[in-house]
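Report on one structure; see the data block that follows.
Bear in mind that the values in this text are calculations on the coordinates, not laboratory data. Note that the coordinates shown come from a computational prediction; the quantities given were computed from them, not determined experimentally. Heads up, the Cβs are rebuilt from the backbone with ideal geometry, glycines too, and the neighbour counts pull from every protein chain shown.
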Amino acid sequence: MDIKVLFEYLESQEIEFTQTGIANIVGMTRAGISHKVNNNGELTEEHIRKIESHYAIDIPRELGSDIELDYYPEVFGSCGSGAFVLSETRERISVPRKSFLTRVIPNVSNFKKYSVINAVGDSMSPTLFEGDKLIVEHFDGAQIKDNKIYVFCYDNEIFVKRLVKNITQVVIKSDNTLYDPIKIDGKDPSFMIIGEIVGMLRDMS
C-alpha cells in the first residue's frame, strides 16, 4: 500500500500519528519511513497489520484503486424551485478511491449503492452550489439522521434538502436562509427518500 495513501486515510479517521511513531510501530527507522514518503514507497501487508493492531482499526486494502460510480448527467436533484429532469441516460465515472475515502466517505460499504447526480438551484448554498455533482448513498430504510442532507421525491418532484424527523412529521430545511423550513407528514405516500448526500465531486481529483 502506498504510504501517502495510508497517511491520508489515517488523517481522515482523525488518528494522530507521526512518521517516527509509524516507524516504531512497523519496526523501521524514522529515515526509512521518510524515504518511503518522499519516494512514494509502499508498506507491506505485515506493516499494515501492525498499524491496524496498534490503532485497533481495519484499513481497507483497496486504498489507492478507483471506484466506479453511476453518474446520471440528466437527473437533477433540485436545490431550489423543485424542477427536475429525469432521464435514463447513465454513465460510469471513475473516482480515485483514496479521494473517495479521505474526502467523501471514510468508510465505503461494499453493501451499499452509490451514484452521482447534479445539483441545481441555490437553496442549499453555501453548502451546495448549482453544478455540483452530488454523491448519493442510496437509502436502505434506516432512520433519518437529523440535519443530514438527503435527495428525496415529494409530490413527484425531486429535492435536495436537510431533513429532521419530528415525531410523525419531517421538517425540510434549506441552508439558504431565504427559504423557509416546511413540514410534511412523514407517512405521506408521495414522500420517498432516495438517498443521503454523502459528498460531492466539485473539486475532487
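List of remarks:
- When the GluC sites (Glu not before Pro) in segment 1-52 are filtered for DSSP coil states and for at most 11 other beta-carbon atoms within 10 Å of their beta-carbon, the remaining sites are 14, 16.
- Trypsin sites (Lys or Arg not before Pro) within segment 163-196: DSSP coil, no more than 11 neighbouring Cβ in 10 Å: 187
- On the principal axes of its alpha-carbon atoms, segment 1-71 has extents of 44, 27, 21 Å, going from largest to smallest.
- Loop-located GluC sites (Glu not before Pro) across segment 109-205 with a Cβ neighbour count of 16 or fewer within 10 Å are 130, with loop assigned by DSSP.
- Segment 145-199: C-alpha gyration tensor shape, a/c 1.5 cut-off, then a/b vs b/c: rounded
- Distance violations [Cα-Cα > 29 Å] among 148/187; 4/145; 113/173; 36/133: 4/145; 36/133
- Radius of gyration over Kirkwood radius for segment 110-205, both on Cα atoms: the Rg/Rh ratio is 0.95.
- Our note on the geometry: Cα centres of segment 1-38 and segment 110-134, 33 Å apart.
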